[in-house]
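Data first, discussion second: the structure below is written as structure tokens.
The values are calculated or read from the model by the stated rules, or taken from the named source; none is laboratory data. Model, not experiment: these values are computed from the prediction. Quick reminder, even Gly has a Cβ in these numbers, built from the backbone with ideal geometry, and neighbours come from all protein chains shown. Just so you know, the surface numbers come from the protein's heavy atoms only, side chains and all, with ligands and any DNA or RNA stripped out. Shrake-Rupley method; radii C 1.70, N 1.55, O 1.52, S 1.80 Å.
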Amino acid sequence: MIARLRGLLDSAGTDHAVIDVNGVGYLVFAAGRTLDRLPKPGEPVTLLIDTHVGEDHIRLYGFLDATERDWFRLLMTVQGVGARVALAILSALTPDQIAQAIAVNDPKMLVRADGVGPKLAARIVNELKDKTAHLSLAALTSGKADGGKAEGGKPANGAAAPAGSIEGAAGDAVSALVNLGYGRTEAFAAVMKAMRNLGEGAELQALIPAALKELAA
């Protein structure tokens with residue numbers, strides 16, 4: 001089975017790319033976001049490959065990183081989600097956005113993808129919620145170490161940190177929301193509301209989805 005291809009980009013289309021490996025051209029299907037990140041034709045490229053073997057075909061699906069590949073595989077465990085739909089979802093949403101949709105039980109985000117209706121979106125959220133709890137949390141908290149701060153420990157936007165600096169799960173939740181693009185002040189306020197609803201002992205796994213719901217309200 002082919003697990004990785006390293007070669008030169010020969011060409012790219014709307015749903016595929018051709019990778020030249022020592023003179024052999026491999027047709028690789030990929031999500032739109034992946035194709036948009038490929039180099040120019042003639043330049044080197046490396047893709048992780050998921051190989052699918054059918055009765056009358058062998059198809060290669062390519063990804064620039066393991067996170068994309070892992071979500072592709074997870075999505076396909078849901079009834080009604082084949083390779084085409086999984087790639088459509090990865091074309092419309094980043095892995096972090098898919099994780100967010102599942103974590104906050106928001107199937108409407110998945111309906112953005114071609115071929116995904118409300119019923120299928122709801123099934124994806126319901127079936128993957130338990131399977132991907134750790135992945136969703138990791139996606140939401142990735143890069144939390146800098147907490148959206150610049151050098152010197154100050155927020156990147158130059159604003160002072162909210163009064164009553166928080167630590168532990170609450171602090172990690174604020175950093176996770178900042179990494180998703182929310183302002184530190186609004187993230188802080190949402191986490192505080194979530195803590196009031198859940199209790200001060202709320203764990204990070206519950207705190208982030210609750211805070212995201214506050215931000216979406």
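Being under 20 Å from Met1 (Cβ atoms) and assigned to a helix (DSSP H, G or I) is the filter here, so list the residues in the stretch 76-87 that pass it.
Ala83, Ala86, Leu87
Can you find a residue in the stretch 152-170 that is open to solvent by less than 60 Å² (accessible area, probe 1.4 Å), at pLDDT 80 or above and at negative phi?
yes
All but one of (1) touching a Phe, Trp or Tyr at 6+ places or on another chain (Cβ under 9 Å); (2) open to solvent by 10 Å² or more (accessible area, probe 1.4 Å); (3) of a type in the set (A, V, I, L, M) hold for Ile98, so report the exception by its number.
Just one mismatch for Ile98, condition (2).
Which residue out of Thr14, Thr46, Thr67, Thr77 is of a type in the set (S, T, N, Q), surrounded by 11 or more Cβ atoms within 10 Å (Cβ to Cβ) and more than 20 Å from Glu127 (Cβ to Cβ)?
Of Thr14, Thr46, Thr67, Thr77, the one residue that is of a type in the set (S, T, N, Q), surrounded by 11 or more Cβ atoms within 10 Å (Cβ to Cβ) and more than 20 Å from Glu127 (Cβ to Cβ) is Thr46.
Contact list please: Cβ distance under 6 Å, first residue in the stretch 88-111 and outside any helix (DSSP H, G or I), second residue open to solvent by 30 Å² or more (accessible area, probe 1.4 Å), pairs at least six apart or on different chains.
Final answer for the pair search is Val104/Lys213.
What number of residues within the stretch 22-64 satisfy the criterion of being farther than 17 Å from Met76 by Cβ and aromatic (Phe, Trp, Tyr)?
1
Inside the stretch 121-130, can you point out the residues that are hydrophobic (A, V, I, L, M, F, W, C) and either under 15 Å from Ala216 (Cβ atoms) or surrounded by fewer than 19 Cβ atoms within 10 Å (Cβ to Cβ) (or both)?
Ala122, Val125
Somewhere in the stretch 189-197, is a residue more than 18 Å from Asp106 (Cα to Cα), at pLDDT below 80 and surrounded by 19 or more Cβ atoms within 10 Å (Cβ to Cβ)?
Within the stretch 189-197, not a single residue is more than 18 Å from Asp106 (Cα to Cα), at pLDDT below 80 and surrounded by 19 or more Cβ atoms within 10 Å (Cβ to Cβ).
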